[in-house]
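So the structure is just underneath, and the comments pick up after that.
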């Protein structure tokens with residue numbers, strides 16, 4: 001545990017963040033974009049926990065931030081899926097290219 | 001190299017490989033399963049940091065809740081067995097460029113920053129400690145964010161029900177007239 005420098009953990013979380021960003025850029029399906037957002041949120045969680053564990057082990061602020069982020073991510077996913085299902089009902093598709101009524 | 005660090009590198013490689021597969025897989029259902037493995041790997045990373053409660057929450061909420069919700073919405077909205085359309089090559093190239101540049105910039109900043117621990121000692125993250133801080137109102141108490149998050153969850157739940165509720169066929173006369181042509185239009189679009 002202590003032999004691993006913190007920058008290696010931050011490497012993992014940064015890489016995961018940019019993997020999620022890549023998915024967010026390339027995917028056009030709303031569900032897969034939601035999955036990319038989950039990846040990004042998880043990478044932030046790893047960051048919070050690693051900073052707490054390595055730099056401030058007497059407190060638990062990072063742990064609580066991670067817990068609240070997990071809660072908010074659950075709420076966000078539920079609302080997003082409700083919106084996606086409602087959109088599917090009216091457009092018969094969850095592709096973001098098909099939902100462009102408010103664009104022009 | 002001890003067993004602990006070997007475990008760390010193995011879990012990290014697992015997380016990154018599963019994350020990459022989740023964002024590049026052609027079939028959306030497989031993509032959801034790769035995402036599930038990635039989230040379980042992150043829970044393993046939390047176990048490795050000896051934060052058992054957070055790892056359990058990660059498995060219960062993400063693997064048990066969010067991924068199941070995503071899989072259900074895939075079943076509700078996607079045709080089974082069809083591939084996702086391949087993104088345009090130009091978009092792939094520019095996305096890879098943007099992410100690689102962003103990653104290089106961020107990681108050079110991280111690698112040059114000297115992280116120095118303010119205080120040392122083991123992190124005391126037992127569940128009774130977490131519980132008493134979560135509901136404490138003192139200096140290290142998180143009672144206010146706890147209440148705010150519970151209100152947020154309630155609001156999200158009501159919002160989900162309202163958004164996803166099927167509008168009944170017999171509605172107010174004004175809304176019915178407005179809703180009718182839209183429905184016809186979408187039907188003709190699909191046929």
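As a footprinting exposure proxy, order B:57, B:148 by other Cβ within 10 Å, with the fewest listed first.
Numbers: B:57 18, B:148 12.
So the ranking, lowest neighbour count to highest, is B:148, B:57.
Can you give me the angle between helix B:173-190 and the longest principal axis of chain B, using Cα atoms only, in degrees from 0 to 90, rounded to the nearest 10?
Between the helix axis and the principal axis of chain B, the angle is about 80 degrees.
Give the residues of the stretch A:64-104 whose amide nitrogen is closer than 11 Å to a point set 7 Å from the Cα of residue B:113 in the direction of its Cβ.
none
Taking a label point 7 Å from the Cα of residue B:93 along the Cα→Cβ vector, which residues of the stretch A:26-49 have an amide N closer than 19 Å to it?
What the label zone holds, given the 19 Å backbone N cut-off, is A:26-27.
Expressed as cubic angstrom per residue, what is the convex hull volume of the alpha carbon set of chain A?
For chain A, the hull spanned by Cα atoms encloses 109 Å³ per residue.
If you count, for every residue in B:10-23, the Cβ atoms of partner chains within 10 Å of its Cβ, what is the mean? Working shown, then result.
Values: counts 0, 1, 9, 1, 0, 9, 5, 1, 3, 14, 5, 1, 8, 14.
Neighbouring Cβ atoms belonging to other protein chains average 5 per residue here.
Once you compute Rg and the Kirkwood Rh from C-alpha atoms, what is the Rg to Rh ratio for the stretch A:43-104?
Computed over Cα atoms, the ratio is 1.29.
Listing A:24, B:46, B:29 from the residue with the fewest other Cβ atoms within 10 Å to the one with the most, what is the order?
Exposure proxy ranking, most exposed first: B:29, A:24, B:46.
Can you sort B:38, B:160 by how many other beta carbons sit within 10 Å, fewest first? Could the numbers behind the result be given before it?
On the way: B:38 29, B:160 18.
In order of increasing Cβ crowding within 10 Å: B:160, B:38.
If you fit an axis through the alpha-carbon atoms of helix B:67-77 and take the longest principal axis of the Cα set of chain B, what angle between them do you get, 0 to 90°, nearest 10?
That works out to roughly 20 degrees.
Please report, for the Cα atoms of the protein assembly as shown, the Rg to one decimal and the Dmax as a whole number; what are they, in angstrom?
21.7, 74
I'd like the orientation of helix A:61-91 relative to chain A: the angle between its Cα long axis and the longest Cα principal axis, in ° from 0 to 90, rounded to 10.
With both axes taken from Cα atoms, the answer is about 10 degrees.
Taking a temperature of 25 °C and a viscosity of 0.890 mPa s, what whole-number D in µm²/s does Stokes-Einstein yield for the stretch A:1-44 with Rh from Kirkwood over alpha carbon pairs?
D, rounded to a whole number, is 223 µm²/s.
Using the Kirkwood radius over Cα pairs, work out the Stokes-Einstein diffusion coefficient for the stretch B:1-146 at 37 °C and 0.692 mPa s, in µm²/s as a whole number.
174
Would you compute, from DSSP H runs of 4+ residues alone, the mean residue ellipticity of chain B at 222 nm, taking -39500 (n - 2.57) per run and dividing by the full residue count, rounded to the nearest 500?
-23000 deg cm²/dmol
Values in this text are rule-based calculations from the coordinates and carry no lab data. What you see is a predicted model, and the numbers here were worked out from it, not measured in a lab. Note that each Cβ is placed from the backbone with ideal geometry, even for glycine, and that neighbours are counted across all protein chains shown.
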